[in-house]
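Notes to accompany the following structure.
The values are calculated or read from the model by the stated rules, or taken from the named source; none is laboratory data. Remember, it's a predicted structure, so these values are computed and weren't measured experimentally. So basically every Cβ, Gly included, is an ideal-geometry build from the backbone, and we count neighbours across all protein chains shown. Just so you know, the surface numbers come from the protein's heavy atoms only, side chains and all, with ligands and any DNA or RNA stripped out. Shrake-Rupley method; radii C 1.70, N 1.55, O 1.52, S 1.80 Å.
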Amino acid sequence: MNKFSRTIVITGGAGFIGSHVVRLFVNKYPDYRIINLDLLTYAGNLANLSDVEHKENYEFVKMDICDYDNVLRLFESQHVDGIIHLAAESHVDRSIKDPFLFARTNVMGTLSLLQAAKTAWLNTPEGFEGKRFYHISTDEVYGALEIGGGLFTETTPYSPHSPYSASKASSDHFVRAFHDTYGMPTIVTNCSNNYGPYQFPEKLIPLFINNIRHRRQLPVYGKGENVRDWLYVEDHARAIDLIFHKGKTADSYNIGGFNEWRNIDIVRLLVATVDRLLGRKEGEDLDLITFVTDRQGHDLRYAIDSTKLKSELGWEPSLQFEEGIEKTVRWYLENEQWLNSVTSGDYEQYYARMYGDKKC
Ligand code: NAD
Ligand code: TYD
């Protein structure tokens, strides 16, 4: 007899946010079997999960979400009843260089998971009963806001500008279409920018912490006046847990920190924090700031209104930004080996040897 009460597949569990979600679920729900389905692209790293990899209720499967046949086989053979879908190409700058890859992974990959889940679930006597497909998306699908203007709510029309946000918007539409067409129990959340441990150092915060540490230039796009709304990654993972269990089927929720910062102000805060923690004269590395050519189509401002999540499910962010940044900078400085390994690409070669290079 299966000793687990549920089997949940978390896609992209070896990535930044996914690894925090896997850790939370594996530790909090010993009666759930958690399968981490991840292709281990450059952004996926099993070292992010070394503290839970030996737990009895955790399994890793190396698989491409676009590989429909194998995904279907997995869902059917393992009697999967919940899917929390985070696997994606996630970096805007990469999407500008290679939009096809973003359409493949984010659109076709999501469609492949939806179709496999639908087929597997409708082949069981209980059908969709007790099942849930939870799709993790971004605030970037809503487009860009003016400085000092309003916030994105769940009813803001989609208006994506980058190939990344266009691919995420498309995947959100497919998820909703599977509910509206087939009655599949889906749910979508759109979250603001996350920060915290295990984020690949191509995104602003970990990239700049690493650069300040090595006294490398800090390439601020444009004038640094773009605004993002930042949320500590563990607060996002807590929201995902709550919404997976208590969120309304077919609904969507915005997740954000009510925490808007201009890029240039974050960069100054990072310089001050890294300098202080490394015992350097505070602010001595401010001259590393270099204004460079702006990102193409750079969205001016994102800001999330997460009132619905608070009023319906009682979720609130737990950390003030300054506190979260202090924790985050300390983590990167104390985990130099992790930073060195992901920037050198050593782990990619290691896992290729261990699991093979097969792209399913
Ligand atoms: P990430 O880039 O750190 O991780 C993505 C993971 O997906 C990696 O482990 C990678 O190996 C895996 N993956 C990529 N292609 C795959 C494929 N074809 N098959 C299987 N696995 C594949 O991303 P993240 O920052 O952790 O973001 C996770 C999700 O949250 C994404 O869907 C992203 O759009 C969304 N999101 C991110 C943020 C943010 O600030 N990082 C904010 C809101 C929403
Ligand atoms: P990023 O972390 O790439 O997240 P997103 O584009 O999804 O918001 O970038 C955050 C902000 O920082 C964004 O306005 C672009 C800016 N940025 C820089 O100015 N320089 C950089 O080197 C990077 C990576 C980002």
Which of the residues that make up region 285-323 are within 22 Å of Pro201 (Cβ to Cβ), away from ligand 2 (no atom under 15 Å from the Cβ) and open to solvent by less than 30 Å² (accessible area, probe 1.4 Å)? Asp285
For region 108-129, indicate whether the set of residues that are outside any loop (DSSP other than H, G, I, E, B), touching a residue at least 24 places away in the same chain (Cβ under 8 Å) and within 14 Å of ligand 2 (Cβ to nearest atom) is non-empty. no
Would you check if Ser137 is small (Gly, Ala, Ser) and more than 15 Å from ligand 1 (Cβ to nearest atom)? no
Looking at Met63 and the list (1) open to solvent by less than 50 Å² (accessible area, probe 1.4 Å); (2) within 24 Å of Asn2 (Cβ to Cβ); (3) more than 20 Å from the chain's Cα centre (by Cα), which single condition is not satisfied? (3)
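Can you name every residue in region 184-208 that is more than 12 Å from ligand 2 (Cβ to nearest atom) and more than 24 Å from Ala166 (Cβ to Cβ)?
So in region 184-208, the residues more than 12 Å from ligand 2 (Cβ to nearest atom) come out as 184-190, 196-198.
Listed by number, the residues that qualify are Pro185, Gly196, Pro197, Tyr198.
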Positions within region 27-53 being in a helix (DSSP H, G or I) and either surrounded by 24 or more Cβ atoms within 10 Å (Cβ to Cβ) or at positive phi (or both), in sequence order: Asn48
Test result for His54, farther than 23 Å from Ser137 by Cβ and modelled with pLDDT of 95 or more: yes
What number of residues in region 66-107 are open to solvent by 30 Å² or more (accessible area, probe 1.4 Å), within 20 Å of His173 (Cβ to Cβ) and assigned to a helix (DSSP H, G or I)? 6
Quickly run through region 264-284 and pick out the residues that are open to solvent by 20 Å² or more (accessible area, probe 1.4 Å) and in a helix (DSSP H, G or I). Asp265, Arg268, Leu269, Ala272, Arg276, Leu277
Do any strands (runs of 3 or more DSSP E) lying entirely in region 139-221 carry at least 2 residues that are within 14 Å of the chain's Cα centre (by Cα), and which ones are they? 186-191, 193-195
Can you say whether Arg94 is at pLDDT 95 or above and away from ligand 2 (no atom under 16 Å from the Cβ), as far as the supplied structure shows? no
